[in-house]
Amino acid sequence: MAEHKTSEGLSVPRYVTCRCHYCDGHVEFDASGFEKGETRTVPCPHCGLETTLHIPNTPAAIPAPTLPPPRPVPPVICPAPAKAKRHGRAIAVAGFLAVVLLLGALLASVLHDYQERSKVKAISTEVKYDPVNLTYDPAHPVRAFVIWVRNDSRFAIRDIHAEWEFYAQSGTTLGTYDFTFYETLEPGNTRRFQTDFVRAMPDRTEKYGAFVRGFEFVR
């Protein structure tokens with residue numbers, strides 16, 4: 001191997017390292033004066049035994065394997081804090097409006113039902129005496145209670161529950177009597193309903209009033 005020289009003709013040291021044949025220690029030396037394939041015997045600086053200096057063959061560089069380019073990772077898009085806050089506020093407002101609309105619908109339904117029920121009224125009442133029983137027991141005659149009901153609602157009604165209240169001359173309530181007529185009254189009609197004959201009034205000096213207490217709509 002030719003010596004490396006500078007432009008002025010001076011030799012430039014070229015240090016290389018080989019291993020000792022005995023202790024495998026690293027032996028560094030100037031290989032600038034070695035020819036290609038030349039060897040020299042010298043004592044090993046580590047173990048002192050004679051070893052052969054040689055210029056080690058430099059293995060050809062193994063190209064690194066070519067790896068495919070990394071696949072791009074799509075960025076994770078998170079809503080900005082302000083945008084997320086606006087979104088949450090919109091959901092809260094929508095929920096509040098839904099609740100308000102639901103309550104409004106329920107209230108409208110209740111009011112509508114109340115308005116329709118207010119159109120059903122008792123327009124006249126009377127007490128009817130049983131002449132047969134009156135003859136046999138004039139002190140405690142048997143009576144029937146009669147009520148005329150007017151239905152001005154949009155629906156037929158059934159199971160009409162009427163109630164009579166009895167008062168003394170002083171205005172003190174003496175008692176009540178109620179009766180359910182399991183019959184139907186069509187819208188826009190008036191009908192007379194009569195109870196069975198019963199003993200419910202002690203004497204003729206009592207006052208009484210009657211009203212429709214309840215019923216069911218036939219929708």
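The values are calculated or read from the model by the stated rules, or taken from the named source; none is laboratory data. Quick caveat: nothing in here was measured; it's all calculated off a predicted structure. Here the Cβ positions follow ideal geometry from the backbone for every residue, glycine too, while neighbour counts run over all protein chains shown.
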Scanning the range 160-198 residue by residue, those touching a helix residue (DSSP H, G or I) at 6+ places or on another chain (Cβ under 9 Å) and exposed (fewer than 13 other Cβ atoms within 10 Å of the Cβ) turn out to be none
Residue in the range 201-215 that is part of a helix (DSSP H, G or I) and touching a residue at least 60 places away in the same chain (Cβ under 8 Å) present:
no
Can you name the number of the only condition in (1) surrounded by fewer than 12 Cβ atoms within 10 Å (Cβ to Cβ); (2) farther than 16 Å from Q194 by Cβ; (3) at pLDDT 80 or above that D152 fails?
(1)
The range 13-53: strands (runs of 3 or more DSSP E) wholly inside it with 1 or more residues that are in contact with a Pro (Cβ under 9 Å, 6 or more places away or on another chain) and of a type in the set (D, E, K, R) are 15-19, 26-30
Here are some conditions: (1) more than 30 Å from L111 (Cβ to Cβ); (2) not in a strand (DSSP E or B). R192 meets all but one. Which one does it not meet?
(2)
Checking A90 against (1) assigned by TED's automatic domain parsing to the domain that holds Q194; (2) of a type outside the set (D, E, K, R); (3) assigned to a helix (DSSP H, G or I), the condition it does not meet:
(1)
